[in-house]
1. Within segment 27-34, is there a residue that is without any contact (Cβ under 8 Å) to a residue 60 or more places away in the chain, among the acidic types (Asp, Glu), outside any helix (DSSP H, G or I) and out of contact with any His (no Cβ under 8 Å at 6 or more places or on another chain)?
2. Scan segment 44-62 for residues that are free of Cβ contacts under 8 Å to residues at least 24 places away in the same chain and open to solvent by less than 100 Å² (accessible area, probe 1.4 Å) and jot them down.
3. Go through segment 1-15 and report how many residues are surrounded by 12 or more Cβ atoms within 10 Å (Cβ to Cβ) and not aromatic (Phe, Trp, Tyr).
4. Answer with yes or no whether Leu19 is open to solvent by less than 50 Å² (accessible area, probe 1.4 Å) and of a type in the set (A, V, I, L, M).
5. In segment 63-80, what residues are open to solvent by less than 70 Å² (accessible area, probe 1.4 Å) and more than 24 Å from Asp18 (Cα to Cα)?
6. Within the set of pairs 6+ apart or on separate chains, which have a first residue in segment 63-77 that is of a type in the set (D, E, K, R), a second that is not in a helix (DSSP H, G or I), and C-beta atoms under 8 Å apart?
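The values are calculated or read from the model by the stated rules, or taken from the named source; none is laboratory data. All values reported here derive from a predicted model rather than from experimental measurement. Cβ placement follows ideal geometry from the backbone for every residue including glycine, while neighbour counts extend to all protein chains displayed. Accessible surface is based on the protein model in full, side chains and every heavy atom, while ligands, DNA and RNA are left aside. Shrake-Rupley method; radii C 1.70, N 1.55, O 1.52, S 1.80 Å.
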Amino acid sequence: MEACEYPHLNKHREVHQDLIAHVSSVAENWRDDPSLKSHHQVGVFLKEWWIDHYVEMDSDLAQYMKDKDQVIQQTLANFV
């Protein structure tokens, strides 16, 4: 995303950082209350987050990256 100068990169990173923070909090709550209800809440949250993220953010990203194959390949080649 960085190599392709994705214009929403900072927001995308922020959303992932928020997810990590939220999951850490939910996991701690679940450790304190390992009930079926709290387990279900974790699953529902992750499912909803993933669907929302994919539909809203990743589909936008996919459209942006559509014609960026050469830049992506060059960037990846630098890591090999």
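1. Yes, because at least one residue in segment 27-34 is without any contact (Cβ under 8 Å) to a residue 60 or more places away in the chain, among the acidic types (Asp, Glu), outside any helix (DSSP H, G or I) and out of contact with any His (no Cβ under 8 Å at 6 or more places or on another chain).
2. Residues satisfying the conditions are Val44, Phe45, Leu46, Ile51, Asp52, Val55, Asp58, Ser59, Ala62.
3. Going through segment 1-15 one residue at a time, the tally reaches 8.
4. When the stated conditions are applied, Leu19 passes them.
5. Hits for segment 63-80 are Lys68, Val71, Ile72, Thr75, Ala77.
6. Lys68/Cys4
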